[in-house]
1. Regarding the chain, what whole-number volume in Å³ per residue does the convex hull of its Cα atoms give?
2. When DSSP assigns beta bridges and you keep just the ones with both residues in the chain, what percent turn out antiparallel, to the nearest 5?
3. Arranged from highest to lowest average of other beta-carbon atoms within 10 Å per residue, in what order do the peptides 30-37, 78-85, 13-20 appear?
4. With +1 assigned to the C-beta of every Lys and Arg and -1 to the C-beta of every Asp and Glu, and no other charges, what is the dipole magnitude of the range 40-87 about the Cα centre in debye, to the nearest 20?
5. DSSP loop GluC sites (Glu not before Pro) in the range 49-92 with at most 13 other Cβ atoms within 10 Å of their Cβ, which ones?
6. Enumerate the whole-percent occupancy of each 5 Å bin, from 0 to the last occupied one, for all C-alpha pair distances of the range 51-115.
7. FRET efficiency for residue 89 and residue 13, Cβ-Cβ distance as r, R0 = 41 Å, nearest 0.05?
8. Placing +1 on the Cβ of each Lys and Arg and -1 on the Cβ of each Asp and Glu in the chain, which of 18, 53, 96 has its Cα farthest towards the positive end of the resulting dipole?
Amino acid sequence: MALVEEILTACRQAATSHGVTKVTAVHITVGEMAACADALRFAWVACRGRFPPLEEAALDIRTVPATWVCARCGAEYREPVGRCQACGAALPRLQSGLELRVDYLEGDDDRHGRASAGLPA
Ligand SMILES: [Zn+2]
């Protein structure tokens, strides 16, 4: 919940500073080691009503798989391994999977609102 509220707060600030009056979608990137996408979606729907102009914003999540890379030979693993199976070096390091960032928002700004209402620019 707290994580989603942080995202909503950041999105509200971005929307306000760009003159967006209604956010329709928020696109984020989440590493699979950073957060559970299903839990984020659930919390998003529960919390967004308190963060205008995001009350109806959909959450689009791009999930990044976790990968571990051997510092010595560059071998990649999709699961944590204690020792590189290719060269025997210890503890390949986590290279991706901890990302959590807002990529962009979609929404209606003042200009778009006037245009769709058919008023002169
Ligand atoms: Zn290796």
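1. Measuring per residue, one finds 120 Å³ for the Cα hull of the chain.
2. 70
3. Details: 30-37: 17.0, 78-85: 11.8, 13-20: 14.4.
With the highest mean Cβ count within 10 Å placed first, the list reads 30-37, 13-20, 78-85.
4. Values: 7 positive and 5 negative charges, 40 e Å.
It works out to roughly 200 debye.
5. Filter output for the range 49-92: 55, 56.
6. Whole-percent P(r) values from 0 Å outward: 4, 15, 17, 12, 9, 8, 7, 8, 7, 7, 4, 2, 1.
7. Calculated transfer efficiency: 0.40.
8. 96
Only the coordinates and a few stated rules stand behind these numbers; no lab work does. What you are looking at is a predicted structure, and each value in this text was computed from that prediction instead of being measured. Note that each Cβ is placed from the backbone with ideal geometry, even for glycine, and that neighbours are counted across all protein chains shown.
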